[in-house]
Every structure is written in C-alpha cells, then in structure tokens.
Amino acid sequence: MNYQKRGEIISLRFNQDHGCFSCAMETGLRIYNVEPLAEKAHLDQETVGSLSLCEMLYRTNFVAVVGGGAMPKFADNTVLIWDDVGQKFVLEFTFSSQVLAVRLRRDKLIVAMRNQIYVFNFPHNPTKIYTFDTRTNPKGLCEVSPLITSERQLLVFPGHKCGSVQLVDLSTTVPDMSTAPITIGAHQSEVACIALNQQGTLIATASGKGTLIRVFDTVKRNLLVELRRGTDPATLYCINFSADSEFLCCSSDKGTIHIFALKDTHLNKRSTFSKMGFLGTYVDSQWALANFTVAAECACICAFGSRSSVIGHRLRRWNVSQICLQLGRQL
C-alpha cells in the first residue's frame with residue numbers, strides 16, 4: 001500500500017497502563033492493543049479529519065482528540081471527547097490558543113497550552129476548576145498521576161524558573177486560592193521531558209541536552225538517582241517508569257532505547273574508574289543496564305508492558321516487553 005493510502009502518523013501516545021496506544025494520523029485515529037498487537041478501534045478521516053493529538057482513558061469508551069495535520073476537521077484549539085460506545089462526540093472544550101497536550105484521569109481532564117495548564121472535572125459536571133500559569137512551555141509538558149486510588153493526585157509541569165518543575169496535589173489544592181508553588185530545581189537548562197510513576201511518588205526529568213535523567217522523590221523533593229543516557233547531546237522523546245517503579249526506560253533521536261534499574265541500582269553499569277573519586281562526577285554516573293537500537297531517522301516512544309521481571313542478564317533475557325513505536329511508520 002502506498003503512503004497516501006496508508007497515511008502518516010502525527011503523534012503516538014500510550015494509555016495510562018501502557019496496554020494500548022493511540023495513533024493520531026493524517027487519515028484519522030487508530031487504537032492498538034499492545035500484547036498481542038492488534039487494532040482495537042479506528043476513526044476515519046471523514047469522521048474526525050486529520051488529528052494532531054489523542055489521549056485514551058485506560059480502555060474506556062472515552063478518547064480525547066485535537067485536530068491538526070493537513071486536513072483537520074476541527075480547530076487545534078479545541079479538545080473533543082469521543083464516546084466509542086455511542087459513536088459520537090459528547091464533550092467539547094475550546095480555548096484561546098493551540099492545545100499542546102491533553103491528559104486524562106478517571107475524574108479529571110488536563111489541557112496544556114503554551115503558558116497555562118487548565119484542569120477540568122471529568123466526565124461528570126465538566127467544569128474548569130484550576131488554572132495554572134507556567135513558564136513558556138512549547139512542548140506542552142505536563143503529566144498527572146493516573147491512579148484514582150493514590151493518596152495524591154499529582155500534576156507536574158515546568159515551573160517559572162528555568163530548569164524547575166512545579167508539583168501540584170489536585171486533591172488538596174483549593175481553587176482560586178493563591179499559595180506558594182512547590183517546585184524542584186531539576187536542571188540548569190530548560191526541562192525537555194517529564195515522567196511520573198503510576199503512584200505519583202517519583203518524577204523523572206531531562207533537560208534539552210538529553211545526557212542525564214534525574215529521578216526525584218515527589219514528597220521529600222530530593223534527588224534519588226542520576227542516570228546517564230550518554231555523553232553526546234540528544235533529544236529525548238519519552239521517559240517511562242515500569243508499573244512497579246523498579247525500572248525506567250527512555251528513547252531519543254540517537255536511535256537507542258535505554259533501560260535503567262531504580263530499585264536495584266547495582267544492576268546499572270558504572271565506569272571501571274568509579275572508585276577513583278578525584279576523577280569527578282562523570283565516572284560516578286550510572287549507565288543503562290541494557291539498551292537496543294531502533295531506526296534513528298524516526299522518532300519513537302517506549303514503555304514497559306505488564307511483565308517487567310528480570311529473568312537473566314543482557315537485554316534478550318529481560319521479560320520487560322519493551323514497546324518501540326516509530327513516528328511516521330506506516331501502519
């Protein structure tokens with residue numbers, strides 16, 4: 001099948017438990033199950049036009065989409081909620097500027113703009129409850145802890161200070177009340193990638209340089225571990241925690257997926273000179289315990305599947321179900 005017939009992927013997004021992923025495409029929307037890989041749903045261009053963003057809500061009937069691409073049917077400043085059971089759009093949220101990211105919880109909808117984050121009740125009584133001003137955020141960076149049973153409903157996004165991230169507990173924040181922001185100084189340069197674990201207890205960040213990933217405790221706000229992706233600058237496409245938060249993976253434009261241990265950090269590789277402290281912090285770095293390569297010319301995302309136990313050494317003896325999905329890949 002040729003390119004025009006199959007369509008181009010504009011963006012990819014895993015659902016909250018990484019069991020499915022959605023493709024926002026020039027030809028509409030497709031949703032796939034991960035294990036086994038199989039198409040679960042699709043909306044054609046006649047129904048939704050070309051799409052720039054899509055966000056699933058686990059495996060429920062609700063899907064959030066934003067128009068974009070070459071033949072959009074809807075404006076890029078509007079978030080629409082599709083009900084796959086009723087086969088129709090049931091909610092619409094329109095903003096003053098382009099929507100850069102959408103995140104869903106079972107009780108909330110989060111929309112990221114260039115300088116603001118909006119939080120709505122969802123799906124019942126879908127009213128705006130919070131507005132947060134942010135540093136200029138061209139990527140629409142924001143993440144929210146998905147588990148409804150977690151003690152904290154943590155929302156994270158770039159803080160006002162360069163290299164910082166702001167943490168907001170939506171379960172305790174009072175609307176329209178001004179309080180001092182809670183932030184973590186993660187990097188000296190701009191934050192380029194953010195990830196939260198399922199429970200909202202850990203946050204991982206990377207800067208635009210893309211050589212280091214730092215993992216912080218969101219309660220104590222202290223640095224837990226610093227992981228080295230590489231020595232050359234790189235653009236990170238994504239960072240993801242395993243469901244049990246024992247591992248972390250990341251992908252970049254270097255065409256390599258890296259896997260790090262967070263619980264048993266002795267599994268991570270270290271320099272043979274790491275015990276010689278006078279050589280500086282570089283040789284103390286923790287490197288990926290395993291990695292594998294993908295096509296560097298295509299952007300990709302990665303995540304852990306449901307089985308993330310270590311069953312041996314080296315990558316092919318890991319039962320981590322690494323998922324690598326390439327943007328621009330013809331499906």
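The values are calculated or read from the model by the stated rules, or taken from the named source; none is laboratory data. Everything numeric here is computed off the predicted structure, so don't read it as measured data. We place every Cβ from the backbone using ideal geometry, glycine too, and count neighbours over all the protein chains shown. Protein only, heavy atoms only, side chains kept; ligands, DNA and RNA dropped before computing areas. Shrake-Rupley method; radii C 1.70, N 1.55, O 1.52, S 1.80 Å.
General remarks:
- Subset of the stretch 192-238 [without any contact (Cβ under 8 Å) to a residue 40 or more places away in the chain and under 16 Å from the mean Cα position of the chain (by Cα)]: Gly208, Arg214
- Residues in the stretch 84-106 that are part of a loop (DSSP other than H, G, I, E, B) and farther than 25 Å from Gly159 by Cβ: Asp84, Val85, Gly86, Gln87, Arg106.
- Ala38 falls short on exactly one of the conditions (1) surrounded by fewer than 18 Cβ atoms within 10 Å (Cβ to Cβ); (2) over 20 Å from Ala303 (Cα atoms); (3) small (Gly, Ala, Ser), and that condition is (2).
- Of the candidates Ala192, Ala180, Ala204, Ala186, the single residue that is of a type in the set (Gly, Ala, Ser) and either exposed (fewer than 13 other Cβ atoms within 10 Å of the Cβ) or in contact with a helix residue (DSSP H, G or I) (Cβ under 6 Å, 6 or more places away or on another chain) (or both) is Ala180.
- Residues of the stretch 217-253 that are β-branched (Val, Ile, Thr) and in a loop (DSSP other than H, G, I, E, B): Thr218, Val219, Thr231, Thr235.
- All of Ile81, Ile31, Ile10 fail the test of being β-branched (Val, Ile, Thr) and either open to solvent by 30 Å² or more (accessible area, probe 1.4 Å) or not in a strand (DSSP E or B) (or both), apart from Ile10.
- Residues within the stretch 239-258 that are more than 13 Å from Leu202 (Cβ to Cβ) and either free of Cβ contacts under 8 Å to residues at least 60 places away in the same chain or over 16 Å from the mean Cα position of the chain (by Cα) (or both), tallied: 7
- Residues considered: Met25, Met71. Of these, the only one that is in contact with a helix residue (DSSP H, G or I) (Cβ under 9 Å, 6 or more places away or on another chain) and farther than 23 Å from Ile301 by Cα is Met71.
- Checking Glu46 against (1) over 19 Å from Met113 (Cα atoms); (2) part of a strand (DSSP E or B); (3) open to solvent by 40 Å² or more (accessible area, probe 1.4 Å), the condition it does not meet: (2)
- For the stretch 58-68, the count of residues that are over 26 Å from Asn240 (Cα atoms), more than 16 Å from the chain's Cα centre (by Cα) and part of a loop (DSSP other than H, G, I, E, B) is zero.
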